[in-house]
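The structure under discussion is supplied below as structure tokens; questions concerning it will follow.
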Amino acid sequence: MKSGLIDIIPKQFRLRGAWVAVTILLRAILNFVGLAMLVPVLVLILDTDTIHSDSRLNAIYNTLGFTSDSWFVVAVCATVVCIIILKCLVNLGLYTAERNFIYDLYRYLSRRLYIDYHNRGLGFIKSSNSSILTRNVNVVCLTFVVGILRPIAAVASEVILFALMFVALACYNITAALLIPAIFLPAAWLYVRLVRNRLNNFGEVENRTQRAKMRNVIDTYRGYSDLEVCNAFPAMLKRFDKAMDEVIDVRLKNATLSNLPQIFTEIGLALALVVMVLLNLGIANGEIKILFGIFAVAALRLMPSVRNIMGAWATLRYNRYTIDIIRDARIDDIDPSIDDTTERMPFEREIRIEDVSFRFEDGEQDVISNTSFTIAKGERIGIRGRSGAGKTTLFNLMLGFFRPTTGTIFIDNEPLCPENRRRWLNIVGYVSQNVFLTDGTLIENIALGVAPEDIDRDRLNHAIDMANLREFIDSLPQGVDTPAGECGNRLSGGQRQRIGIARALYKEAEVLFFDEATSSLDNDTEQNINKSIEQLSKQNKELTIIVIAHRESSLDYCDRILTLETNE
């Protein structure tokens, strides 16, 4: 696991990770010092005669000019308290550095993965499960840093502390020191043997079940109307309950296993104290009291350390599945750049499709085959064809979302490619059958992607008028600041389409793509939308309009109609 983790930690975080490793060592040393500082206090409490019998304490006593044993004890206690306070403050600073590293890495991983999924394009997104992608970005990255890296840091710190305390106790009394690993290590080994395979399985089961539960909930709310009509919610609820039962069952089992470290360590400590009493170590009564006290302090501190080690190890095993997901993402190979240019591609003459064919990676035949045609600037072109003829695929090719398997698409004489796609899309408007609307206000949906303070109100009002939205918006108490509702559920189909048109007009699009934009509307609304599109075309002779539609009536205003044949 160690080499694998080093490989998947982004290169720019590795040097910082080395510094974090140093802070872990320093924290372990500081924790040991804090514990060691309790020894003088313990010695003085158990045997005050040690002040003068111990050469080092006696030297300090005389050098500092103490005349009262009581005041010396108070001074020693005060010094210990001050050192422990200082230790805690330094420890807090070191822990802050570790914590910042963990969450900076989480931000980096999550952001990179978010960008990567976006940059892989429409084909990847359509072939993937959105709930898995969402969980990977939002949950898996966080679980990796919190459930893998943080436990590793905890284990490292506690192991170092354990080693330091063992060495220190061995220097004082080797027999007492050997009791520590003799009791705690078998307990840890037994715990590992009992739970290792179970924890691996529990983590994978929960991840799989949580994804299924998330998908079920999303489908329930997104498909509410269809589910209600088909009385499918009871079945969805059964799936939800089943997934919930599996999650709770796994969590309950994991909670039970999580209590085992405490049980094992407490039993181990009790056994160690009994063994120490029985052995009596052949030491005088006064010394045995001090040794027993030191051993008790060490054991009591080591007990939570061993428990933390076992608990952290259990967390590692439970969340191990995240390592494979992050490794497969190949974070270092992800290009974090996004093309956010606002530059617009020059479009003066035509869109030219030359011998374009397209086949999906897993497809057995072309969806589009040897297609060629030219669309002059300012033309109104209709595209028709039976279902499966590739009309939407052709749109996705013309928008640059898909790349032709063979052939080329030219904008004037410039081939459309990933490098210039953003400039091309900056002059394009797209209105689909189901216009995408965010859970924001109408103004935020019309000026999509523009910060509220940067919205040009004059251009916005012009787009609203041109899309025939003025009467509707003026009838709303909040006007353009009215919430659209999740997925635009407060709007009718016609209103959604007009918002899509207004969006294209706000960005001053030179080419408008309508993909079955009116197919789900009633006849009257469809005619009104088509009249609005025709009016737009008449008002702006330079505006190029490309329309996909099943019904001939939706293409009446087009200059030409292209027919796509289904590939049999």
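If you go through segment 86-103 one residue at a time, how many are without any contact (Cβ under 8 Å) to a residue 24 or more places away in the chain and open to solvent by 70 Å² or more (accessible area, probe 1.4 Å)? Walk me through it before giving the result.
Step one: list which residues in segment 86-103 are without any contact (Cβ under 8 Å) to a residue 24 or more places away in the chain, which gives 86, 89, 92-93, 96, 99-100.
Filter again for open to solvent by 70 Å² or more (accessible area, probe 1.4 Å), leaving 86, 89, 92, 99.
Matching residues across segment 86-103 total 4.
Conditions tested, residue by residue: (1) farther than 26 Å from Asp324 by Cα; (2) at pLDDT below 70; (3) not in a helix (DSSP H, G or I).
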position: Phe166; (1), (2), (3): yes, no, no
position: Val205; (1), (2), (3): no, no, no
position: Arg215; (1), (2), (3): no, no, no
position: Tyr221; (1), (2), (3): yes, yes, no
position: Met236; (1), (2), (3): yes, no, no
position: Pro261; (1), (2), (3): yes, yes, no
position: Ala270; (1), (2), (3): yes, yes, no
position: Leu281; (1), (2), (3): yes, yes, no
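Going through segment 532-556 one residue at a time, which ones are acidic (Asp, Glu) and either more than 14 Å from Leu512 (Cβ to Cβ) or open to solvent by less than 10 Å² (accessible area, probe 1.4 Å) (or both)? Write out each step before concluding.
Start the filter on segment 532-556 by keeping residues that are acidic (Asp, Glu), which leaves 534, 542, 552, 556.
Within segment 532-556, Glu552, Asp556 qualify.
Being in contact with a Lys or Arg (Cβ under 9 Å, 6 or more places away or on another chain) and at pLDDT below 85: is that true of Ala467 here?
Details: in contact with a Lys or Arg (Cβ under 9 Å, 6 or more places away or on another chain): yes; at pLDDT below 85: yes.
In short, yes.
I've got another one for you. Out of segment 449-469, which residues are small (Gly, Ala, Ser) and not in a helix (DSSP H, G or I)?
Gly449, Ala451, Ala467
Right, here's the next one. With Leu161, Leu122, Leu142 as the choices, which residue is surrounded by 18 or more Cβ atoms within 10 Å (Cβ to Cβ) and either assigned to a helix (DSSP H, G or I) or of a type in the set (Ser, Thr, Tyr) (or both)?
After ruling out the rest, the residue left standing is Leu161.
Is it the case that some residue within segment 417-424 is within 30 Å of Asn370 (Cβ to Cβ) and touching a Phe, Trp or Tyr at 6+ places or on another chain (Cβ under 8 Å)? It would help to see each step written out before you state the result.
Start the filter on segment 417-424 by keeping residues that are within 30 Å of Asn370 (Cβ to Cβ), which leaves 417-424.
Adding the requirement that they be touching a Phe, Trp or Tyr at 6+ places or on another chain (Cβ under 8 Å) leaves none.
No, the conditions are met nowhere in segment 417-424.
Separate question: Considering segment 355-364 alone, what residues qualify as being over 32 Å from the mean Cα position of the chain (by Cα), open to solvent by 50 Å² or more (accessible area, probe 1.4 Å) and either closer than 29 Å to Leu543 by Cβ or of a type outside the set (Lys, Arg) (or both)?
Looking only at segment 355-364, we keep the residues that are over 32 Å from the mean Cα position of the chain (by Cα), and these are 355-359, 364.
Going one step further and asking which of them are open to solvent by 50 Å² or more (accessible area, probe 1.4 Å), we end up with 355, 359, 364.
Selection gives Asp355, Glu364.
Spot the failing condition for Phe472; the list is (1) at pLDDT below 75; (2) in a helix (DSSP H, G or I), and only one is missed.
Exception for Phe472: condition (1).
Looking at segment 434-449, can you tell me whether even one residue there is on the phi > 0 side of the Ramachandran plot, of a type in the set (Gly, Ala, Ser) and within 27 Å of the chain's Cα centre (by Cα)?
Yes.
Of all residues in segment 329-340, which are in a helix (DSSP H, G or I) and either farther than 28 Å from Gly449 by Cα or open to solvent by less than 90 Å² (accessible area, probe 1.4 Å) (or both)? I'd like the intermediate steps shown before the answer.
First, the residues of segment 329-340 that are in a helix (DSSP H, G or I): 329, 331-333.
Ala329, Ile331, Asp332, listed by residue number.
Taking the residues in segment 104-117 that are surrounded by 14 or more Cβ atoms within 10 Å (Cβ to Cβ) and without any contact (Cβ under 8 Å) to a residue 60 or more places away in the chain as candidates, determine which candidate is nearest to the chain's Cα centre (by Cα). Steps first, please.
From segment 104-117, those surrounded by 14 or more Cβ atoms within 10 Å (Cβ to Cβ) are 105-106, 108-117; that's our starting set.
Still in the list and also without any contact (Cβ under 8 Å) to a residue 60 or more places away in the chain: 106, 110, 114, 117.
On the way: Tyr106: 7, Ser110: 4, Tyr114: 8, Tyr117: 12 Å.
If we take residues in segment 104-117 being surrounded by 14 or more Cβ atoms within 10 Å (Cβ to Cβ) and without any contact (Cβ under 8 Å) to a residue 60 or more places away in the chain, then Ser110 is nearest to the chain's Cα centre (by Cα).
Looking only at residues that are open to solvent by 40 Å² or more (accessible area, probe 1.4 Å) and part of a loop (DSSP other than H, G, I, E, B) in segment 341-354, which one is nearest to Phe124 (Cα to Cα)?
The residue in question is Thr341.
For the list (1) open to solvent by less than 80 Å² (accessible area, probe 1.4 Å); (2) at pLDDT 85 or above, I need the number of the one condition that Gln495 fails.
Every listed condition holds for Gln495 apart from (2).
The values are calculated or read from the model by the stated rules, or taken from the named source; none is laboratory data. Since the model is a prediction, treat every value here as computed from it, not as a measurement. Note that we place each Cβ from the backbone using ideal geometry, even for glycine, and neighbour counts take in every protein chain shown. The accessibility values were calculated without ligands, DNA or RNA, using every heavy atom of the protein model including side chains. Shrake-Rupley method; radii C 1.70, N 1.55, O 1.52, S 1.80 Å.
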